[in-house]
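I have placed the structure first, in the form of structure tokens, so that the comments after it can refer back to it.
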Amino acid sequence: MKKSVVVWMLLLAFNGLSCDIRNMTVSLTPDDTKNRISLLYRNRYATKTFSSLTYKATTAISGNRHSGVILLPEMESQEHTETYSVMEVRGVYNFSDRWRVIGSFPFIRNERIINDQRQFVIDGVGDPFIMAKYNIVRTNKVEANEVNHRWTIGGGVKLPLGRFDFEYQGTRVQHDIQLGTGTFDFLFAMDYLIKYKKVGLLLSSNYKLNTYNEQADYMFGNTLNTTLNLFYAKKLKNLTFLPYLGTYYEHGSTDIEHGKYENNTGGSLVFGTIGTQLFINRIQLELLFQQTLVNQLNGTLQLYTKTGFNSGFIIYLINLKT
């Protein structure tokens with residue numbers, strides 16, 4: 001069995017206007033036989049300007065609101081900008097050709113700016129997760145004219161290590177910009193990959209079942225995200241070129257606070273996706289661009305995502321046979 005140690009630096013920069021309700025990052029790479037340790041970085045940028053008319057038309061302007069804003073009455077025009085950054089250490093270990101375990105430990109830095117004035121920065125440990133995955137179907141045919149496919153299911157848990165009670169000027173800030181949720185949440189995953197000759201199709205779906213934080217009297221809505229990508233693998237000597245085209249869907253249910261549904265939470269987004277991966281010996285490069293096609297977020301105070309851009313760099317540092 002081969003053992004690999006991988007450093008994976010993945011930059012996801014979302015020039016966006018919404019909350020990020022993704023559960024985890026999914027790679028197109030069909031080679032899932034290597035044990036690895038990855039270092040990932042992702043960043044989301046969200047902004048929106050609210051006029052005095054928006055302020056007067058909004059009846060609920062206070063309280064802790066997931067994916068919304070707290071409008072300040074002393075300002076006529078308010079440009080809200082939030083930046084969410086995650087540095088994540090992730091490991092994958094394959095016990096067999098059927099079973100593997102994935103673990104993640106995140107470090108988070110979140111920032112809020114209103115009218116070019118920084119309000120606060122929160123940084124520290126986030127909520128880690130651990131998940132087991134099982135290959136129900138896994139073929140390894142070597143003939144070029146044969147079909148290979150993988151069908152994988154998984155389940156896991158997110159642990160409440162991240163801080164969720166950060167305050168700014170004596171008031172607890174919104175839940176979605178906190179480092180953690182303060183709850184044990186449950187993760188479910190399903191992946192299906194089929195490849196014929198140089199063409200393949202990947203379907204990946206993740207669902208997060210959230211629980212209630214009694215101390216904060218708040219519960220995030222359950223989230224679902226699904227990716228469908230068509231890819232083409234072309235090998236040129238020691239270089240493998242893998243472009244892909246597809247779509248990404250994410251949906252969040254409405255949050256609950258003090259026993260009531262929060263109107264400015266949840267909704268659905270659909271993105272068009274185009275990207276590529278390059279494999280050169282032990283190095284992997286990735287570029288991805290996303291454009292919002294459908295934006296149906298609830299309420300009037302959520303920040304809407306417009307586009308997304310991802311880039312990645314992977315190095316296999318150690319490759320030992322045992």
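The values are calculated or read from the model by the stated rules, or taken from the named source; none is laboratory data. Keep in mind the model is a prediction, meaning the values are calculated, not measured. Here Cβ is always computed from backbone atoms with ideal geometry, including for glycine, and neighbour counts include all displayed protein chains.
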Condition check for Y192: farther than 30 Å from F241 by Cβ and assigned to a strand (DSSP E or B): no
Residue among F164, F120, F186 that alone is among the hydrophobic types (A, V, I, L, M, F, W, C) and either in contact with a helix residue (DSSP H, G or I) (Cβ under 6 Å, 6 or more places away or on another chain) or in a loop (DSSP other than H, G, I, E, B) (or both): F164
Every pair of residues 6+ apart whose Cβ atoms lie under 7 Å, when the first sits in the stretch 249-267 and is modelled with pLDDT of 90 or more while the second is assigned to a strand (DSSP E or B) and of a type in the set (D, E): none
All positions within the stretch 250-268 that are touching a His at 6+ places or on another chain (Cβ under 8 Å), buried (at least 20 other Cβ atoms within 10 Å of the Cβ) and part of a strand (DSSP E or B): G267
Check on Q277, surrounded by 18 or more Cβ atoms within 10 Å (Cβ to Cβ) and modelled with pLDDT of 80 or more: yes
Test: residue in the stretch 91-102 that is under 19 Å from Y41 (Cβ atoms), out of contact with any Asp or Glu (no Cβ under 9 Å at 6 or more places or on another chain), at pLDDT below 85 and not hydroxyl-bearing (S, T, Y): yes
Test result for L239, closer than 17 Å to N229 by Cα and at pLDDT 75 or above: no
Index of the failed condition, V157 passing every other in (1) touching a residue at least 60 places away in the same chain (Cβ under 8 Å); (2) assigned to a strand (DSSP E or B): (1)
The one condition in (1) surrounded by 19 or more Cβ atoms within 10 Å (Cβ to Cβ); (2) at pLDDT 95 or above; (3) closer than 19 Å to T152 by Cβ; (4) not aliphatic (A, V, I, L, M) that N225 fails to fulfil: (2)
Filtered residues of the stretch 280-291 (kept if crowded, with 18+ Cβ neighbours inside 10 Å, polar (S, T, N, Q) and within 19 Å of the chain's Cα centre (by Cα)): Q290
Whichever residue in the stretch 132-165 is among the polar types (S, T, N, Q) and touching a Ser or Thr at 6+ places or on another chain (Cβ under 7 Å) and, among such residues, is farthest from V92 (Cα to Cα): N148
Test: L288 is touching a Gly at 6+ places or on another chain (Cβ under 9 Å), modelled with pLDDT under 90, part of a strand (DSSP E or B) and over 30 Å from Y218 (Cβ atoms): yes
Selection within the stretch 123-152 - hydrophobic (A, V, I, L, M, F, W, C) and assigned to a loop (DSSP other than H, G, I, E, B): V142, A144
Pick from the stretch 74-101, criterion within 22 Å of T181 (Cα to Cα) and touching a residue at least 60 places away in the same chain (Cβ under 8 Å), ranking: surrounded by the most Cβ atoms within 10 Å (Cβ to Cβ): E82
Of the criteria (1) over 28 Å from P160 (Cα atoms); (2) crowded, with 18+ Cβ neighbours inside 10 Å, which one T247 fails: (2)
From the options F184, F220, F129, residue that is in contact with a Ser or Thr (Cβ under 7 Å, 6 or more places away or on another chain) and loosely packed, with under 15 Cβ neighbours inside 10 Å: F184
